[in-house]
1. Roll a 1.4 Å probe over the protein chains and send me the accessible area per residue for the range 21-88 in Å².
2. Quick one: helix 263-273 against the long Cα principal axis of the chain, what's the angle to the nearest 10°, folded into 0 to 90?
3. With the dipole of the chain worked out from charges on the C-beta (+1 for Lys and Arg, -1 for Asp and Glu) around the Cα centre, which of Ser134, Leu119, Leu199 lies farthest toward the positive end?
4. How big is the range 2-220 in terms of Cα radius of gyration and Dmax, in angstroms?
5. What is the extension gain from Lys264 to Lys110, computed as 0.36 nm multiplied by their sequence separation minus the C-alpha to C-alpha distance, in nm to one decimal?
6. Taking a cut-off of 21 Å between Cα atoms, list the lysines near Lys110, but don't count ones fewer than 8 places away on the same chain.
7. Tell me, what ³J(HN,Hα) does each residue in the range 229-236 have, in order and in whole Hz, if you take phi through Karplus 6.51 cos²θ - 1.76 cosθ + 1.60 with θ = phi - 60° and put x for Gly and Pro?
8. Heavy atoms only, probe 1.4 Å: what % of the accessible area of the chain goes to carbon and sulfur, would you let me know?
Amino acid sequence: MIKIRSLVKKYGNHIAVDNLTLDINENEVFGLLGSNGAGKTTTIHMLATLLKPSSGGATVNGYDIVCQPAKVRSSIGIVFQAPSSDDMLTGYENLQLHSMLYSIPRHTRKQRIDEVLNLVGLTERRHDQVKTYSGGMRRRLEIARGLLHKPKVMFLDEPTLGLDPASRETMWKYIQRLVREEKMTVILTTHYMEEADILCDRIGIIDKGRIVALDTPKGLKAGLGGDIIRIKTRNNPDKISQLDFVHKVEQNDGFLVISVNNAKRDLPMLLRHVDADIAEFASPTLNDVFIHLTGRNIKEEPEGGFAEKYAKYD
Ligand code: ATP
């Protein structure tokens, strides 16, 4: 559905997108995951024909983003970071206005507006002014607007930025629904690890304008190799790193962080050699992957990753 070849965007001497080559499949949810300033928005804006590449190119739905911008635009819907619906109009009026701008035939207009309102769960509130909507509802109205002309591809730039956790989860449900019911290809940018993990079939981790990893969420996590065990102990870490099933031992926050192949199997063995006060284990999260690849924690992402508490020892 999207083919990107050696795409570059420079702002003066600054390279915002650096030689990006990538294919995105039909009906796939593809996530561009990266911290602030990584180049996610610039990439989406080039694919949506809002910015011209400095070099390289791409096709969307078979159309060239530089030579056939009108064809590309009729193939895509886009939801920007900043909402752009008219506050004073109702949700329905916003969609009516937009369907005229997109030349949706008069006889199908009402039916399509009803369909997209239903899809994003705004039927009940359709005759209320947008200024009375919550942040999540506004964002859903923007999605409805982007869907009116039945695009093949939907670009969602930070779809849940600024939403509270409950609205974020509601938004995820609607995004999953539009992929299922409208058979769309979705490209979303996010710097929320959990969002990328839950929604995306594949993730490209983007750092300083470059894709540094590309895989399914499961594949990315598996790429780190194995599990992590955290223990509190007075034993010497060197003694632990010499155990043959231990890959690596790091100190973090008063804990020893021990990389092993399989925490469930290896923890009992570890506890035969070590006096531990507290022991926990977890599979690596996307956050662990991000730190491993970029050397940094993604901004605004809470610390965590130790989902499963295994045992507590006095
Ligand atoms: P965010 O999550 O904050 O939106 P992002 O990953 O989308 O970040 P971009 O907005 O694509 O990142 O920006 C990539 C880089 O290009 C940043 O260093 C940014 O400062 C720079 N940049 C973006 N737009 C411009 C511009 N119009 N002029 C100059 N530099 C720009």
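1. 42 Å²
2. 20 degrees
3. Ranked along the dipole, the leading option is Leu119.
4. Calculated on Cα positions, Rg and Dmax stand at 17.0, 51 Å.
5. 49.8 nm
6. In chain and number order, the partners are Lys150, Lys152.
7. Here the 3J(HN,Hα) series is 10, 10, 9, 9, 8, 9, 6, 6 Hz.
8. Here carbon and sulfur together make up 48 percent of the probe-accessible area.
The values are calculated or read from the model by the stated rules, or taken from the named source; none is laboratory data. None of these values were measured; they are calculated from a predicted model. A quick note on method: Cβ atoms are made from the backbone with ideal geometry, for glycine too, and the neighbour counts reach across all protein chains shown. To get the accessible areas, we keep the full protein, side chains included, count just its heavy atoms, and leave off ligands, DNA and RNA. Shrake-Rupley method; radii C 1.70, N 1.55, O 1.52, S 1.80 Å.
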